[in-house]
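First the structure, in the form of structure tokens, and then the observations on it.
The values are calculated or read from the model by the stated rules, or taken from the named source; none is laboratory data. As the structure is a computational prediction, the values presented were derived from the model and not from experiment. Here the Cβ positions follow ideal geometry from the backbone for every residue, glycine too, while neighbour counts run over all protein chains shown.
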Amino acid sequence: MIANFQDRAHVSSPQTSLSEYSRRMNKVLDHIDRHLDKPLDLAALAEVANFSPFHFHRVFAGWMGETLGAYLRRRRLERGALMLAGQPSLAVLNVALSVGFGSGEAFARAFKLHFGTTPTAWQRDTPKRWAEQSQTVANRQYRNLDQNVSKQSQEGHLEFTDNDLSQPLIMEMNMNVEIVELPAANIVYMRHIGPYGPSIGAFWNTVFMPWLQANGLADRPRYGIGHDDPSITPPDKCRYDACVEVDEGFVVSGNALSAKLPGGRYAVAKFQGHTTEIAAAWIAMFRDWLPASGMQCDARPCLERYPQHTQFNPKTGIFECELCIPVKSL
């Protein structure tokens with residue numbers, strides 16, 4: 001009886017167990033993204049997660065809501081779509097090989113089945129698609145503003161005049177973009193999987209910031225990395241990492257993970273605005289600045305960089321950050 005009681009006493013709590021599952025599965029997702037151009041078999045990925053190969057497929061499907069094979073196919077096609085959009089001179093065959101397809105024909109068939117268009121048409125129509133996305137964001141912001149004005153006016157807290165409402169929420173991109181060499185950085189991150197938007201702010205405030213404060217990291221530079229384009233990836237599958245810069249050798253705790261943020265050449269624009277406007281700023285930077293810059297994206301992630309002493313007003317939702325696009329010459 002004593003031995004049985006001691007065994008039960010060492011069982012992890014549900015919250016600890018969930019954090020460990022999350023940590024291991026996010027390691028697998030990161031490994032997959034780093035090796036999309038290579039064969040990725042179940043046994044090797046199970047080893048990354050430190051799970052039994054016999055059970056790993058079922059664990060993965062339960063956690064991600066799709067089978068491992070479906071996830072690998074989707075990620076290869078989504079990476080290809082991003083490459084085609086960000087690098088207009090890139091040959092479709094080169095994209096196909098870089099995301100693990102054996103031929104351009106196989107990639108084109110799978111791409112059309114997934115996105116409903118050919119890779120060539122997707123690449124050609126990128127400017128139009130970005131313009132439509134920008135307009136969609138603008139329309140959404142106008143609707144949100146109308147709702148807020150109506151509600152707040154009824155409550156007697158805030159009123160706008162017609163002149164206020166006539167001012168566009170989304171301006172043409174007019175940021176001062178600089179090409180900057182950013183150093184590599186050691187980071188620790190926690191991952192949010194789900195739609196971009198208000199839930200990201202809630203994740204920072206309720207999950208990541210308390211962890212930063214508990215570990216004495218609240219005054220360090222921070223980063224936000226959205227790994228997926230929500231116009232390409234289903235919103236409930238989008239991955240966002242809340243990151244903080246740490247010293248070499250920092251010991252990670254909880255369900256956080258450590259990584260090396262790649263340095264190199266980035267196009268950097270300072271953003272100051274409302275939390276609802278940053279999506280439009282990203283779209284405008286890709287739609288307006290990038291095509292005219294003589295530059296193209298490379299495979300490193302785009303970043304929102306929050307230097308030390310970054311300003312944020314919780315009452316107004318106005319904040320500052322740097323939008324960083326990894327670039328190389330055309």
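Among residues of the range 32-64 being assigned to a loop (DSSP other than H, G, I, E, B) and loosely packed, with under 13 Cβ neighbours inside 10 Å, the one that is nearest to the chain's Cα centre (by Cα) is K38.
For the range 198-229, filtering for residues that are in a loop (DSSP other than H, G, I, E, B) and in contact (Cβ under 8 Å) with a residue 40 or more places away in the chain leaves 6. For the range 227-239, residues that are of a type outside the set (K, R), buried (at least 17 other Cβ atoms within 10 Å of the Cβ) and out of contact with any Leu (no Cβ under 9 Å at 6 or more places or on another chain) total 2.
Can you say whether G62 is modelled with pLDDT of 90 or more and in the same structural domain as F101 (by TED's automatic domain parsing), as far as the supplied structure shows? Answer is no for this residue.
Listed here are the residues, each with its yes/no results for (1) hydroxyl-bearing (S, T, Y); (2) in a strand (DSSP E or B).
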site: S231; (1), (2): yes, no
site: A242; (1), (2): no, yes
site: V251; (1), (2): no, no
site: N255; (1), (2): no, no
site: A259; (1), (2): no, yes
site: A269; (1), (2): no, yes
site: G273; (1), (2): no, yes
site: W289; (1), (2): no, no
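Each row is one residue, and each column tells you yes or no for (1) modelled with pLDDT under 90; (2) of a type in the set (K, R); (3) within 24 Å of P183 (Cβ to Cβ).
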position	(1), (2), (3)
A214	no, no, no
P221	no, no, yes
S253	yes, no, no
P262	no, no, yes
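V92 passes every criterion in (1) crowded, with 17+ Cβ neighbours inside 10 Å; (2) modelled with pLDDT under 95 apart from (2).
Residues in the range 296-317 that are over 22 Å from D228 (Cβ atoms) and modelled with pLDDT of 85 or more: P307 alone.
Just one of A259, A202 is loosely packed, with under 14 Cβ neighbours inside 10 Å, not acidic (D, E) and not assigned by TED's automatic domain parsing to the domain that holds R76; which is it?
A202
Look at R109 and say whether it is basic (K, R) and either under 26 Å from S293 (Cβ atoms) or outside any helix (DSSP H, G or I) (or both). So R109 does not fit the description; no.
All conditions in (1) among the aliphatic types (A, V, I, L, M); (2) closer than 25 Å to A106 by Cα; (3) touching a residue at least 12 places away in the same chain (Cβ under 8 Å) hold for M64, with the sole exception of (2). Return yes or no: is A292 surrounded by 15 or more Cβ atoms within 10 Å (Cβ to Cβ), closer than 24 Å to R79 by Cα and assigned by TED's automatic domain parsing to the domain that holds G194? Against the criterion (surrounded by 15 or more Cβ atoms within 10 Å (Cβ to Cβ), closer than 24 Å to R79 by Cα and assigned by TED's automatic domain parsing to the domain that holds G194), A292 does not qualify.
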